[in-house]
Structures are given as structure tokens and as C-alpha cells.
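Input: a single structure, listed below in C-alpha cells.
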Amino acid sequence: MRRLGSCALVLVLAGSMVVGPIAGHAAADNTGIAVWATLDRMDPAHPVDLDLWASSPKGITAVRVKLRHLKRDAEPYAVVEDFTLYQGDDKDGRWRAAYPVDIEARPGLTFVEAEADVADGTVKNGWFAPFTACYKSTLTEMSVQPDVIDIDHRDIVVRGRATFQRSRDHAPEPVVNAQAYLQGQRNSAAHTDADGRFEYQAVAGSDSVISYVDPSPHAPSCTASTWVNLQTVPQETQISARLVEPTGRINAGDPIVIEGRVLRKAASGMVPAQVTVQAMLDTGPGENDHTYLPDGVSTAADGTFRLQTPAPRSGRLSVRNGSTPFLTENSVPVGEIDVVHPTKFIQFFASKAGSGVVTVQGILSRQEATGLFTLPYRRVIIESSTNGKTWSQQGDALTDGNGQFRTHVATRIEGHWRARYVGEGAEVSSHSPARYVQLYTPTRFAGFNVTPEPVGKGSTVTARGRLLQTSADDGTEFGLANTPVALEFSTDGVRWRTVRQGRTGSDAWATLKAPATTDGQWRMRYAGDAELRAVHSTADHVDVRLRTSVTAFNAAPEPVRKGAMLTVSGRLNRYDTSWGPITGRRKLTVYFRAKGATKWTKVGTVTTDTKGRFSKRYKATKHGSWRVSFAGDLNHLPTVSAADHVNVR
């Protein structure tokens, strides 16, 4: 993996480059322009070589360069137009020209503006880029005192001589009255004398320092610099540290916190050291078998530090201060860490690939200190579930070199799918999110009903329902005609048996009939096929009761004298496997309807004996009909006797 860092800007005194995009609509028409300017300081003529690139799909007709002294908005002191095309063509080419620079007349920065005439009449210009007109300068006869320094004695005296050369045909001349200083310490600068010599005091920050001689901005000589090497005596360091976090097992990437202090040897004893401290993780028994962890820190003024860095893996942990020209390296163990790597499935998908085929794919990754990394060549288990809770293995797959896997599973299981990794070593087991896969077009029964309710034992029930399927395009429903369906019965709602089979009609309605012999639930079922989902209707519970009837019903005597008593009698029967008198006492209601009337009037009740017989006397007052009714109970259906007409005289 490559980390992208920040951009670096490099200044080259002898050459410069400018690159468009061009202002305005230039980017839109893909016109581009760039110029490289290189000054030859040792050539007596001091030519600046101008290398210009320009491109436009419309064609370039001419190019030029304008030179401006010290300021971008200054008037050009020269316009260079005698360019020669030496590479490419007018739509994408390179042009070359040279211009002699008068360093004495115009020392310092010269800004360069590149222009190109386009065939459509427009002029495109690039941004300004400077070159520095100055004579080459050199530092010689460099020396530093004292010869040896240490961290407590870093004051130095730097001596040397600065010269410049007008061209290769001229002898070196002294750089007069220029500032001489150590890099970063300009406030302690000294000036060169008439012979170009200088001497200044500074404080060394390392065993290699850079000495500068910087003329005034309008001087003809260039700035000069050189490295100066110093001899140092490193002082011994002493480090103490303890592991603050973690205190137990952690995940990769969780913080490691180490606190401690670094001291160094001084003439007065051990004193705080200002150094950079970094954690190390041992990866093997060898002296160099370790990894430096990121996020090092600098010690405070009292030498203390608090270091926090993400945990990469298990191992022995130590902390070190790096060596410097003034301090020795030292390290100390702080303990062991137990690190596990959580794993994670990313970009996981499960989808229907065809009739009875599911495609499962994804990427397996694991947590490292710097983020998620893919896991190559790991076995993952493919699982399915109809309810999202109970899972069963349907296959497996092996991740490739990029941690990716893809497999096809032949199945008739419709439901949730996931991938599971059992873990390996310090890698923690995990499973992917569940994805629901619809293999079949949804179907359902609408309007399902069973009649009559309740029903007499041995009688026929009629079940009716309409089979529908859902369109995959817009979710609308339409009927499934001429499709096989079954009528099922269950006494407990768990174990079902098929009692009738049939087909839906042209209107997708199915009507199936079957005898009812006991209480239970009825439903219709469609077995499905390669594309349509199997389905059953909601269950309809039907009570089965014994049929009843009244036999030998009679209202007597007939005729009867007005005001005299008549007797209503008969027997209440029930049907099980055959007809017979009902057992136990049952209450019947006695009704009378006067001749010419339309409504029956309740006149009383009568109770059967243990053999189903009943009898009760009533006063006869007018002509009319008599009958009895049984309301039924949990085990028996209701019934009404035949009417018996009695004349009253």
C-alpha cells in the first residue's frame, strides 16, 4: 500500500518552468503552454535557454516570451520571438530560443511570461516563472572551532571565504559586504570583508551544518552555501518506561499508551534529555527482529513522555530513544501485548442467479493498526436460514489473493444468506450481514373460506379460495388459472393431511369439497414450481357437531275443545354413526302460531328425559300450529320439528 504525502517545492536557481492551464476558456479548449528557462552563468554571454511547449487542437501559429525584471507587473525589458520548432507540430510542439542576459544591468529575479498565438486568433499566456541573474559564487577555506563539541558545549566559530566568477574566462573575485551565517541563525550573521572573508559565531544543532553567504538583493553574485561537518561526542542516555494501556487483550488498532522519562549524562550528573521516543515491537528472537511503531513523541522539558500508538499485533513491546549526534541510543522493555484481529465482510451480496441457484460474493478483511486489509486464501462458509435465526451450511468458498470470493449454490431454500469465517490464529471469527434472496415469484390465496360453520358430523364442507401471483415488474397481482391445488385438514394445526385435490378454474378460484368427521382446521395448499413460490392459505377452523332431529312430534288431541288441555310430545334424536335418541337432558322451546298469523310465539320450554323423550300440556285457546326447537350445544347442531296444526272447538 502506498501512502500519498504532501507536495514538495524545489527551487533551482539555474532553471525554472511555468505550466498553464491558461486563464479564461483555455482549459475548455484544451490549450496548454509551458516554458523552461535555464541560465548558463559560466558562459561569457550568459545566455538563458528558453524551451517552450504549447499545444492546441486548433494549431499554434507563433510563440513568444516576455522577460520582466524583479516584478511580475514590470514592463518587459525584452520580448523573445525568434523561436524554432524542434519537436512535434503546430498542434503539440516544442520551440527553442536563447537570449543573452546582462547580469550587471539587471541582477536578481527575471520573471518569464510565455504567450502562444492560436489559429483562431486568440492569444494564450502562461503564468510567470523567474530565473535569477547572478554570477556563480563559491565558499572555500572553511573551518570550525572547536574541533570537538558535545551537547553541553555547542558554541562554534565558523570561518571561510566567499568568491564569485563572472564567467569561465574570469578569475574568482571576493564577495564583499555579504551576510555570512549558519542556516536558521541569520540573526547572528557577520559580513564578508574586502577579501570575501568572514567569521561568525553560532550554535551547532547537529554534526553537519550549512553555512550561507547571502549578498544584497541587487548584488551581481549569487547566494552560496556549503555543508560543514563537525565532530561530536555523544552522551549516554537512560530511559525508564511503563505500559499504561492495555491491561488485557485488545483489538488491532486499539491504542497502546506508554509513559516514561529519558535522562542523559552531564557534568553535574543525570539531567532530562530532549529526544524523540518511539515504541518497538519484537517480531523474533534476533537483534534486528523488531518493528518500529509510528507516532513517536518528543520528551518534555523534564524528560518525561507519554507515547500513544495503535497496536499492530501481539508481541514483546519496548521503547527507545533514537541516537543523535549528541546522545546515544537506548531502549527498555515495557511488557507484552495480546492483540487480536477482528475480521469483517465487506461488499457482501447474495442474489438469485437462475432457477434454483443463488450467487454469494464478498470480500473478507481483517483489522490492522492502520485500517482494514483484505484476507487472501481463507475458507469461508456459506449459510442460509429461513427465519434469520437458525442457520445451516450450504457450501464454502476460498478467498483469492485480494480477499474476494464468489460461489454459486444450487438450492430450493428461499430466505436469508450469509458468509461466515471461523477465524484463524489471532483472527477473530465473524459473519457477514444477512441478505434475503427471493428465488420464487410470490403467491397467495385470497378469500379462503370453509362452509358451513359449524357442520354436522359426516356432512360435506365446501372450501373455496383464489390463487394469486405477484408481478415482478410492478407488484400487481393476477390469478393463476388451471393450477393444481390441494385441500388439507389438521386436528392440531401441525400435522396436515391432504383430503382432496383439484385445480383452479379460469377465474383462479378453486372449490373443493370433503366430508367432515371431527373438529379441525382446513386450508388450501399450492406446491409451487421452478418459478412460483409454494404457499398455503390461512387456516379456517370448523366445528363438527352431531346432527339432531325431532321425531314423533305431536300436539294432541285433535281437535280439542276450547279451554281444554292439549299435550305436546316427541323425541329428540342425534346422528353419530346412525340415528338414535339423544342422551342426557336437553331443553327445547315450544312455539305456537295462531291460524292466520305469520310469527311464532314462544309459549314455554320442555326438557327431555334420558332417552330424548319430552311431553308437556298447554291450554288450547284458538286454532293454530305447534312446534318445538332445539338451540343446539357444543356437541349438537340445532334443529326444529315439523309443525302440527290443531283445531280448537
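Numbers for the structure displayed
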{"item": "Residue within region 526-534 that is closer than 17 Å to Val455 by Cβ and buried (at least 16 other Cβ atoms within 10 Å of the Cβ) present", "result": "no"}
{"item": "Any hit, region 146-160, residues being open to solvent by 50 Å² or more (accessible area, probe 1.4 Å), under 24 Å from Ala133 (Cβ atoms) and either out of contact with any helix residue (DSSP H, G or I) (no Cβ under 9 Å at 6 or more places or on another chain) or of a type in the set (A, V, I, L, M, F, W, C) (or both)", "result": "no"}
{"item": "Residues being surrounded by fewer than 17 Cβ atoms within 10 Å (Cβ to Cβ) and either within 50 Å of the chain's Cα centre (by Cα) or of a type outside the set (A, V, I, L, M, F, W, C) (or both) - total across region 94-107", "result": "4"}
{"item": "Segments classed as strands (runs of 3 or more DSSP E), wholly inside region 109-161, with at least 3 members that are over 59 Å from the mean Cα position of the chain (by Cα)", "result": "136-145"}
{"item": "Which listed residue is aromatic (Phe, Trp, Tyr), surrounded by fewer than 18 Cβ atoms within 10 Å (Cβ to Cβ), touching a residue at least 24 places away in the same chain (Cβ under 8 Å) and on the phi < 0 side of the Ramachandran plot, from Trp626, Trp600, Trp579", "result": "Trp579"}
{"item": "Wholly within region 427-472, strands (runs of 3 or more DSSP E) carrying at least 2 residues that are more than 30 Å from Arg249 (Cα to Cα), of a type outside the set (Val, Ile, Thr) and over 45 Å from the mean Cα position of the chain (by Cα)", "result": "443-451, 460-470"}
{"item": "Matching residues, region 162-196, being part of a helix (DSSP H, G or I) and either of a type in the set (D, E, K, R) or in contact with a Gly (Cβ under 8 Å, 6 or more places away or on another chain) (or both)", "result": "Arg186"}
{"item": "Residues of region 208-224 satisfying the condition of being touching a Phe, Trp or Tyr at 6+ places or on another chain (Cβ under 8 Å) and surrounded by 15 or more Cβ atoms within 10 Å (Cβ to Cβ)", "result": "Val209, Ser211, Tyr212, Val213, Asp214, Pro220, Ser221, Cys222, Thr223, Ala224"}
{"item": "Check on Arg96, part of a strand (DSSP E or B) and either farther than 30 Å from Val203 by Cα or among the basic types (Lys, Arg) (or both)", "result": "yes"}
{"item": "Those residues of region 237-273 which are buried (at least 17 other Cβ atoms within 10 Å of the Cβ) and assigned to a loop (DSSP other than H, G, I, E, B), in sequence order", "result": "Pro246, Ala252, Gly253, Ala273"}
{"item": "Hits in region 276-289 (condition: in contact (Cβ under 8 Å) with a residue 24 or more places away in the chain and open to solvent by 30 Å² or more (accessible area, probe 1.4 Å))", "result": "Thr276, Gln278, Asp282, Thr283"}
{"item": "Qualifying residue in region 286-309 (condition: touching a Phe, Trp or Tyr at 6+ places or on another chain (Cβ under 6 Å) and either part of a loop (DSSP other than H, G, I, E, B) or more than 30 Å from Ala204 (Cα to Cα) (or both))", "result": "yes"}
{"item": "Selected residue [part of a strand (DSSP E or B), modelled with pLDDT under 95 and under 48 Å from the mean Cα position of the chain (by Cα)] from Ala26, Ala34", "result": "Ala34"}
{"item": "Extreme residue, surrounded by the most Cβ atoms within 10 Å (Cβ to Cβ), among residues of region 478-494 that are farther than 14 Å from Thr504 by Cβ and in contact with a Ser or Thr (Cβ under 9 Å, 6 or more places away or on another chain)", "result": "Phe489"}
{"item": "Enumeration of residues in region 330-381 that are in a strand (DSSP E or B), touching a residue at least 40 places away in the same chain (Cβ under 8 Å), closer than 17 Å to Thr407 by Cβ and open to solvent by less than 30 Å² (accessible area, probe 1.4 Å)", "result": "Phe345, Phe348, Ala350, Val358, Thr359, Val360, Gly362, Ile363, Leu364, Val380, Ile381"}
{"item": "Selection within region 391-414 - in a loop (DSSP other than H, G, I, E, B) and closer than 18 Å to Gln438 by Cα", "result": "Trp391, Thr411, Arg412, Ile413, Glu414"}
{"item": "Filter pass, Ser384 being in contact (Cβ under 8 Å) with a residue 12 or more places away in the chain, surrounded by fewer than 20 Cβ atoms within 10 Å (Cβ to Cβ) and not aliphatic (A, V, I, L, M)", "result": "no"}
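Conditions (1) closer than 18 Å to Ser225 by Cβ; (2) of a type in the set (A, V, I, L, M, F, W, C); (3) out of contact with any Cys (no Cβ under 9 Å at 6 or more places or on another chain), marked per residue:
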position: Ala98; (1), (2), (3): no, yes, yes
position: Phe131; (1), (2), (3): no, yes, yes
position: Leu139; (1), (2), (3): yes, yes, yes
position: Asp152; (1), (2), (3): no, no, yes
position: Ala162; (1), (2), (3): yes, yes, yes
position: His170; (1), (2), (3): no, no, yes
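The values are calculated or read from the model by the stated rules, or taken from the named source; none is laboratory data. Given the structure is predicted, the values throughout are model-derived calculations rather than measurements. All Cβ positions, even for glycine, are placed from backbone atoms using ideal geometry, and neighbour counts span all protein chains on display. Accessible surface is based on the protein model in full, side chains and every heavy atom, while ligands, DNA and RNA are left aside. Shrake-Rupley method; radii C 1.70, N 1.55, O 1.52, S 1.80 Å.
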